[in-house]
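The values are calculated or read from the model by the stated rules, or taken from the named source; none is laboratory data. None of these values were measured; they are calculated from a predicted model. Please note: Cβ atoms are built from the backbone with ideal geometry, for glycine as well, and neighbour counts cover all protein chains shown. Heavy atoms of the whole protein, side chains included, go into the accessibility calculation; ligands, DNA and RNA do not. Shrake-Rupley method; radii C 1.70, N 1.55, O 1.52, S 1.80 Å.
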Amino acid sequence: MTTNTTATQGTSDIDSAIATAEAARTRLDLAKSAPKVFRAIVGFDAAAREGLDPALVELIQIRASHLNHCAYCLHMHTNDARKAGEHEDRLHLVAVWREARHFYTEKEQAALALTEAVTLVADGGVPDEVYAQAAAHFDDQELAHVLALILTINTWNRVALATGKVAGTDERR
């Protein structure tokens, strides 16, 4: 019988694997190579979060990161959500939230649907019904911030993927 060695690795083995992957990374560091651009994205991100429930912020960032296949951001935001007290069940089910609606409020569901539409905009735009559902749960200012947050996480996902960020590292610390 074989076992999944990744699942059974100890923390030090995982830390070692992360360090090895980071050492092998050959792509540029946007923060060092274009600091004004990087700071502008950080500012946009901070402004987008203003006034939004931190749990909702993390759910949006986690869902977009799933859709964009961004392991770096997914790791970062699931950890942030845990530290903020998010329930493990909600974290595990956010990728399939439609099948587990009872874990999420209607407002969260509207935000997740908008996140999917904006993230996958090339697949059919942002349907009027998705936008209307979000608008029914958020006032104009909140909706503008939710939309801005979706835009920023999509930007961060693209930065992380294009520059080869390694899941398990978090340069904010």
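How many of the residues making up the range 148-172 are in a helix (DSSP H, G or I) and surrounded by fewer than 19 Cβ atoms within 10 Å (Cβ to Cβ)? Lay out the reasoning, then the answer.
Narrowing the range 148-172 to residues in a helix (DSSP H, G or I): 148-162.
Right, trim to surrounded by fewer than 19 Cβ atoms within 10 Å (Cβ to Cβ) and you get 148, 151, 155, 158-159, 161-162.
Selection size over the range 148-172: 7.
Kindly indicate the residue of the range 7-40 that is among the hydroxyl-bearing types (Ser, Thr, Tyr) and closer than 18 Å to residue 171 by Cβ and also most open to solvent (accessible area, probe 1.4 Å) among those meeting that condition. If you could, list the steps in order and put the result at the bottom.
Taking the range 7-40 as the starting set, the residues that turn out to be among the hydroxyl-bearing types (Ser, Thr, Tyr) are 8, 11-12, 16, 20, 26, 33.
Next cut, closer than 18 Å to residue 171 by Cβ only: 20, 26, 33.
Details: 20: 90, 26: 128, 33: 80 Å².
Checked the range 7-40; the qualifying residue most open to solvent (accessible area, probe 1.4 Å) is 26.
Can you tell me how many residues in the range 47-67 are under 19 Å from residue 79 (Cβ atoms) and small (Gly, Ala, Ser)?
Counting residues in the range 47-67 that are under 19 Å from residue 79 (Cβ atoms) and small (Gly, Ala, Ser) gives 3.
Condition first: modelled with pLDDT of 95 or more and outside any helix (DSSP H, G or I). Can you find one or more residues in the range 99-106 that meet it?
At the first step, the residues of the range 99-106 found to be modelled with pLDDT of 95 or more are 99-106.
Applying the additional criterion that residues be outside any helix (DSSP H, G or I) yields 104-105.
Within the range 99-106 (the criterion being modelled with pLDDT of 95 or more and outside any helix (DSSP H, G or I)), the answer is yes, since at least one residue qualifies.
For the range 135-147, enumerate the residues that are part of a helix (DSSP H, G or I) and in contact (Cβ under 8 Å) with a residue 12 or more places away in the chain. Steps first, answer last, please.
Taking the range 135-147 as the starting set, the residues that turn out to be part of a helix (DSSP H, G or I) are 135-137, 140-147.
Once the filter is applied, which keeps residues that are part of a helix (DSSP H, G or I) and in contact (Cβ under 8 Å) with a residue 12 or more places away in the chain, the range 135-147 yields 136, 137, 141, 142, 145, 146, 147.
Restricting to the range 66-88, give me the number of residues that are open to solvent by 30 Å² or more (accessible area, probe 1.4 Å), part of a loop (DSSP other than H, G, I, E, B) and closer than 16 Å to residue 167 by Cα.
Of the residues in that region, 1 qualify.
So, residue 110, is that one part of a helix (DSSP H, G or I) and either among the acidic types (Asp, Glu) or surrounded by fewer than 16 Cβ atoms within 10 Å (Cβ to Cβ) (or both) or not? Show your work before the answer.
Details: part of a helix (DSSP H, G or I): yes; either among the acidic types (Asp, Glu) or surrounded by fewer than 16 Cβ atoms within 10 Å (Cβ to Cβ) (or both): no.
No; evaluated as a whole, the condition is false for this residue.
What are the pairs, 6+ residues apart or on separate chains, where a residue within the range 110-134 that is farther than 16 Å from residue 56 by Cβ and touching a residue at least 40 places away in the same chain (Cβ under 8 Å) has its Cβ under 8 Å from a residue that is open to solvent by 30 Å² or more (accessible area, probe 1.4 Å) and of a type outside the set (S, T, N, Q)?
These pairs meet every condition: 120/67.
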